[in-house]
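The values are calculated or read from the model by the stated rules, or taken from the named source; none is laboratory data. Because the structure is predicted, anything quoted here is derived from the model rather than measured. Cβ: placed from backbone, ideal geometry, glycine included. Neighbour counts: every protein chain shown.
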Amino acid sequence: MSFSQNSNAKNNGLVLNVLEIIPSKGSIQIFKSENKTQSIKDYLNEYPEYYFYSEGVTVYAWNIVDNPQLALPNDFNPAAITHKENTLVFNKIIEIGIYQWFKVNKSNIYQLKYSSVYEVQFKKNILSFNGLNIIPVLNFGVHPFYSKQTDKQVIGLSLRYATKFAFDTNETVFQNLKFDTRGLKRNHKNHIIASTNAIAKFLGATNQTANFNAQRNKLL
C-alpha cells in the first residue's frame, strides 16, 4: 500500500492532508456469508479475533490477528473482493488495518462519537503546566472519493494534526497550588473540563500564561 498526496492546507495551527491510498493488490481474500444470523455486535463479541462488516444480509469477515484461534461459522466462505466491486468493504479493511496498527503499537486511539474519524493521542509528547496538559492528537479517516482526473473511485486518507487540553484528574496538584476549582464545569466523571474560561483562570492564578502561550505557539 502506498500514498499519493492530493492536497495540503494549513490554517490556525491545523494541518490537513488528504492522501490517496494506492493498494499494492487488486484484490483481497477474506470471508463472506450470505446468511446474517446475528448482529454485528454479537459477531464481534463472539469472535474477537475477526472484524465483521455487513451490507444487507451479506456479512464480510477478516482476521485482525495472525493465526486466529477460533474458526468462523461454517456459513462463512472464502471470497476475493476488489475495490471496484466492493468499495465500502475494501475501505473498511484498510481503515481497521490502520486502527489495529496503532493498537498494536500501544497508542491511545479511539473512534470519535457519531463519526467515522479516529483520534490518536500522543501521550509521550504531552506538555504539562502544573496540572494543565497540552496533548498532541492526530485525527484520521478513510473515505471513498471520486476522482475526476482518473474518472474512478479512489481511497482517501484524511489526516489532521491538532492539540487538545486536559486538566489533571488528580486534583491534589490544584490544592498544592491553592487554585480554587469551585464553579468550574465538570464532565460525567467529575473531572474539570478544560474550557477556554477554565484554562484562562488557571493560568492567570498560577502565573503561567506567558510560558503556556510560548510553548503552545511552538506546536502551531
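Across the range 35-62, what is the number of residues that are among the polar types (S, T, N, Q) and touching a residue at least 24 places away in the same chain (Cβ under 8 Å)?
First, pick out the residues of the range 35-62 that are among the polar types (S, T, N, Q): 35, 37-39, 45, 54, 58.
Checking which are touching a residue at least 24 places away in the same chain (Cβ under 8 Å) leaves us with 35, 37, 58.
The total comes to 3.
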Which condition breaks for Gln175 when tested against (1) of a type in the set (S, T, N, Q); (2) over 28 Å from Phe90 (Cβ atoms); (3) surrounded by fewer than 15 Cβ atoms within 10 Å (Cβ to Cβ); (4) at pLDDT 90 or above? (4)
Mind counting the residues in the range 89-103 that are within 17 Å of Ser158 (Cβ to Cβ), without any contact (Cβ under 8 Å) to a residue 60 or more places away in the chain and over 13 Å from the mean Cα position of the chain (by Cα)? 1
Tell me, yes or no, whether the range 177-189 has at least one residue that is on the phi < 0 side of the Ramachandran plot, within 27 Å of the chain's Cα centre (by Cα) and hydroxyl-bearing (Ser, Thr, Tyr). no
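Scanning the range 73-88 for residues that are buried (at least 20 other Cβ atoms within 10 Å of the Cβ) and in contact (Cβ under 8 Å) with a residue 40 or more places away in the chain, which turns out nearest to Pro144 (Cα to Cα)? Quick ask: steps written out before the conclusion?
Start the filter on the range 73-88 by keeping residues that are buried (at least 20 other Cβ atoms within 10 Å of the Cβ), which leaves 76, 83, 86.
Then drop every residue that is not in contact (Cβ under 8 Å) with a residue 40 or more places away in the chain, which leaves 76, 83.
Details: Phe76: 26, His83: 10 Å.
Top of the filtered list is His83.
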Among the numbered criteria (1) small (Gly, Ala, Ser); (2) in a loop (DSSP other than H, G, I, E, B); (3) crowded, with 16+ Cβ neighbours inside 10 Å, which single criterion is violated by Ser116? (3)
Please verify whether Gln38 is out of contact with any strand residue (DSSP E or B) (no Cβ under 7 Å at 6 or more places or on another chain) and either of a type outside the set (A, V, I, L, M, F, W, C) or surrounded by fewer than 18 Cβ atoms within 10 Å (Cβ to Cβ) (or both), treating the condition exactly as stated. yes
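Residue by residue, here is whether (1) modelled with pLDDT under 80; (2) in a strand (DSSP E or B); (3) of a type in the set (A, V, I, L, M) holds:
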| position | (1), (2), (3) |
| --- | --- |
| Phe3 | yes, yes, no |
| Asn8 | yes, yes, no |
| Val15 | yes, yes, yes |
| Ile21 | no, yes, yes |
| Ile30 | no, yes, yes |
Across (1) touching a Lys or Arg at 6+ places or on another chain (Cβ under 8 Å); (2) at pLDDT 95 or above, Glu119 clears everything bar (1)
